[in-house]
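The values are calculated or read from the model by the stated rules, or taken from the named source; none is laboratory data. Values in this document were obtained by computation on a predicted structure and should not be read as measured data. Cβ atoms come from the backbone with ideal geometry, glycine included; neighbour counts cover every protein chain shown.
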Amino acid sequence: MTTATVRTDAIETADVRGARTRLRPMRPDEASTFHGWLSDPDVAPWWGGSGYYRTPQQFLADWEPHYFDGSRPERGRCFAIEADGGRLIGMVATNEIDTHNRSTEIDIVIGEPDYRGRGYGTDAIRALLGFLFDTVGLHRVWLATYQNNARARRAYEKVGFREEGLARQSDWVDGRWLDTVLYGILAHEFARD
């Protein structure tokens, strides 16, 4: 087995550039924007349903300790997705980083409606994967999405994620059971441009 150092310290100062997007650590003062996106009826079903976080304060209280404050990036970190010269269009996050197994789960949302379905999410994921594999030193990145989230599944498969499993009726969302599809990608599978 190859031993490698996982550089969680690189996460806090990250400035990751994609072809169309820039990723940088999200600030606590941007939490209300993110909360607004999660309240959007086109976004909420993919994040646990309507009203999952009722107020920006509830959202920040839950997320700030390990996603926004940056003091322990191994516990997770939110990155703002910017496009078109600095416009905040979404968020991508690492969850807890398993430094022994060199892996993490990621989440993404393109919150600005005009930027959905236009390749910005794919570009942000590709940029984040390159950073996580080449700079942080991870071996595996995984994520989960609902089976009926066709747009997200296409984006994940486009950058090289492979379907690894199905959790049947895993989540109760807006009055119905949804299946969750698990995806993963390994460092050697990631096609660097």
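For residues that are among the acidic types (D, E) and surrounded by 13 or more Cβ atoms within 10 Å (Cβ to Cβ), scanning just the range 13-40, find the one that is modelled with the lowest pLDDT. Checked the range 13-40; the qualifying residue modelled with the lowest pLDDT is D40. Checked against (1) outside any strand (DSSP E or B); (2) out of contact with any Pro (no Cβ under 7 Å at 6 or more places or on another chain); (3) at pLDDT below 95, G70 passes all but a single condition, namely (2). Within the range 118-128, being over 14 Å from R24 (Cα atoms), in a helix (DSSP H, G or I) and in contact with a helix residue (DSSP H, G or I) (Cβ under 9 Å, 6 or more places away or on another chain) holds for G121, T122, R126. Restricting attention to the range 97-117, the residues that are in a loop (DSSP other than H, G, I, E, B) and either buried (at least 19 other Cβ atoms within 10 Å of the Cβ) or modelled with pLDDT under 90 (or both) total 3. If you go through the range 139-175 and keep only what is over 18 Å from V109 (Cα atoms) and modelled with pLDDT of 90 or more, you end up with H139, R140, G160, R162, E163, E164, G165, L166, A167, R168, Q169, S170.
Residue-level check: of (1) touching a residue at least 60 places away in the same chain (Cβ under 8 Å); (2) in a strand (DSSP E or B); (3) more than 20 Å from F79 (Cα to Cα), D179 misses just (1).
Residues in the range 75-123 that are basic (K, R) and touching a residue at least 12 places away in the same chain (Cβ under 8 Å) were compared, and the one that is nearest to F59 (Cα to Cα) is R77.
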